[in-house]
Amino acid sequence: MTAKKVTNKKKALPATSNANELLIIAELGKSKERMLAEVGLSPHTLNAMTTRHFNKYQMGVTDLTETIGVLKEKQAKVNAGDMGGLEATLTAQTVTLDAIFNELARRAALNMGEYINATESFMRLALKAQAQCARTIEVLAAMKNPPIVYAKQMNVANGNQQVNNGSSPTNTHAPAHTGEIINQPNELLSENKYEAMDTSGTATTIGTDKAMATVATQHGG
């Protein structure tokens, strides 16, 4: 009986994609240069690059394409009126700012009485963190309970007033005295009020703009 050699062979895993590569979906009618320019100037791309740089020391390098996708999803929620993500961010930041305040205040207390300059520096930073925490709470409260703005209506009784009752607007004049009605007939540009205006002047023909005519033909089919 011959013994068989047993080997444990692991299957090769597929190569992981480069996290710094950006997947761009081609669009009909757009050149490669145009699509690269749109992606490169997109606020999602720019902020994704910045976020990945600051976040890599805590969470590692995140995939660029997926990071941009997450930012687009957050924007879509805000556009739809869902402010839950922003409220969660502000709430978490108030906790972080409060922790920064307490740590800086603790360091100021440790140096008090011996290193007055260090105490002053730490306390100044602590109060800045406290002020920013209070400001963040104010913004969060305004998002939850938006202020109501009352518009005060101002009536102007002097001078002519324009009245629009669904037809053509007319001007009404305030009477000089109570009970006195002043009639102001329409005056034509003629010495005789019954003489019709001369409308037999020479009319001017406006030429056709060739460029506009061409555009109209193209878009008109």
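The values are calculated or read from the model by the stated rules, or taken from the named source; none is laboratory data. On a predicted model such as this, the values are computed, not experimentally measured, just so you know. Don't worry about glycine lacking a Cβ; one is built from the backbone with ideal geometry, like all the others, and counts go over all protein chains shown.
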* Asked: List, please: which pairs have Cβ atoms under 6 Å, are six or more places apart or on different chains, and start with a residue in segment 106-128 that is farther than 25 Å from THR94 by Cβ and end with one that is small (Gly, Ala, Ser) and surrounded by 13 or more Cβ atoms within 10 Å (Cβ to Cβ)?
  -> ASN111/ALA118; THR119/ALA108
* To do: Determine, yes or no, whether GLU38 is among the acidic types (Asp, Glu), free of Cβ contacts under 8 Å to residues at least 40 places away in the same chain and not in a loop (DSSP other than H, G, I, E, B).
  => yes
* **Residues satisfying the stated conditions in segment 52-73, i.e. without any contact (Cβ under 8 Å) to a residue 40 or more places away in the chain and closer than 19 Å to LEU23 by Cβ** => ARG52, GLU66, THR67, GLY69, VAL70, LEU71, LYS72, GLU73
* Taking the options ASP82, ASP98, name whichever one is in contact (Cβ under 8 Å) with a residue 12 or more places away in the chain and acidic (Asp, Glu). => ASP98
* Does any residue of segment 138-146 turn out to be within 30 Å of GLY81 (Cα to Cα) and among the polar types (S, T, N, Q)? -> yes
* Asked: Across segment 113-131, what is the number of residues that are over 40 Å from the mean Cα position of the chain (by Cα) and surrounded by 14 or more Cβ atoms within 10 Å (Cβ to Cβ)?
  -> 2
* **Selection count where residues are touching a residue at least 24 places away in the same chain (Cβ under 8 Å) and among the hydrophobic types (A, V, I, L, M, F, W, C), scope segment 85-95** => 2
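Yes or no, residue by residue, for (1) surrounded by 11 or more Cβ atoms within 10 Å (Cβ to Cβ); (2) in a loop (DSSP other than H, G, I, E, B); (3) at pLDDT 95 or above:
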residue: ARG52; (1), (2), (3): yes, no, no
residue: ASN55; (1), (2), (3): yes, no, no
residue: THR65; (1), (2), (3): yes, no, no
residue: ASP82; (1), (2), (3): yes, yes, no
residue: ALA108; (1), (2), (3): yes, no, yes
residue: MET143; (1), (2), (3): yes, no, no
residue: ALA157; (1), (2), (3): no, yes, no
